[in-house]
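**Student:** Sharing a structure, written as structure tokens. Questions coming.
The values are calculated or read from the model by the stated rules, or taken from the named source; none is laboratory data. Bear in mind that the values here come from a model prediction, so they are computed numbers and not experimental data. Cβ placement follows ideal geometry from the backbone for every residue including glycine, while neighbour counts extend to all protein chains displayed. Surface accessibility is based on the protein's heavy atoms, side chains included, excluding ligands, DNA and RNA. Shrake-Rupley method; radii C 1.70, N 1.55, O 1.52, S 1.80 Å.
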Amino acid sequence: MLLLRVGMAFLGGLSRPVPEPPPAGELRKVRLTYRCSICGTEVRMTAANDEMPDPPRHCQEDMDLVTPVDDL
């Protein structure tokens, strides 16, 4: 009986609909690439609240902007 309830709860969790995307205007499309100056990891940011968001942090330091300024 317990196994049946756990199985039904698991299947019920999989059948929930995908949440709706955020309202238009809440996130802006950006195409920024950042690189960690310590380990070399690169991150591409594709959506942000601001046109020029704060850089992400990696290795406990702010990442460096790699995208050329002309592309902004």
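**Student:** Looking at this structure, is THR67 part of a loop (DSSP other than H, G, I, E, B), touching a Lys or Arg at 6+ places or on another chain (Cβ under 8 Å) and either surrounded by 10 or more Cβ atoms within 10 Å (Cβ to Cβ) or touching a residue at least 40 places away in the same chain (Cβ under 8 Å) (or both)? Full working, then the answer.
**Tutor:** Details: part of a loop (DSSP other than H, G, I, E, B): yes; touching a Lys or Arg at 6+ places or on another chain (Cβ under 8 Å): yes; either surrounded by 10 or more Cβ atoms within 10 Å (Cβ to Cβ) or touching a residue at least 40 places away in the same chain (Cβ under 8 Å) (or both): yes.
Yes.
**Student:** Looking at VAL30 and the list (1) assigned to a strand (DSSP E or B); (2) at pLDDT 90 or above, which single condition is not satisfied?
**Tutor:** With respect to (1) assigned to a strand (DSSP E or B); (2) at pLDDT 90 or above, VAL30 is out only on (2).
**Student:** Could you list all residues from segment 1-32 that are hydrophobic (A, V, I, L, M, F, W, C), more than 28 Å from VAL66 (Cα to Cα) and open to solvent by 100 Å² or more (accessible area, probe 1.4 Å)?
**Tutor:** In the first step, residues of segment 1-32 are kept if they are hydrophobic (A, V, I, L, M, F, W, C); the result is 1-4, 6, 8-11, 14, 18, 24, 27, 30, 32.
This time we only want the ones that are more than 28 Å from VAL66 (Cα to Cα), so: 1-4, 6, 8-11, 14, 18.
Residues satisfying the conditions are MET1, LEU2, LEU3, LEU4, MET8, PHE10, LEU11, LEU14, VAL18.
**Student:** Any residue in segment 33-44 that's among the acidic types (Asp, Glu) and surrounded by 15 or more Cβ atoms within 10 Å (Cβ to Cβ): show its pairings with residues that are at pLDDT 90 or above and part of a loop (DSSP other than H, G, I, E, B) at Cβ separation under 6 Å, as long as the two are six or more apart or on different chains.
**Tutor:** none
**Student:** I'd like to know if segment 9-22 contains one or more residues that are hydrophobic (A, V, I, L, M, F, W, C) and either touching a strand residue (DSSP E or B) at 6+ places or on another chain (Cβ under 8 Å) or in a loop (DSSP other than H, G, I, E, B) (or both). Break it down into steps so the answer makes sense when it comes.
**Tutor:** Here is the first cut: in segment 9-22, the ones hydrophobic (A, V, I, L, M, F, W, C) are 9-11, 14, 18.
From what's left, either touching a strand residue (DSSP E or B) at 6+ places or on another chain (Cβ under 8 Å) or in a loop (DSSP other than H, G, I, E, B) (or both): 18.
Among the residues of segment 9-22, at least one is hydrophobic (A, V, I, L, M, F, W, C) and either touching a strand residue (DSSP E or B) at 6+ places or on another chain (Cβ under 8 Å) or in a loop (DSSP other than H, G, I, E, B) (or both), which makes the answer yes.
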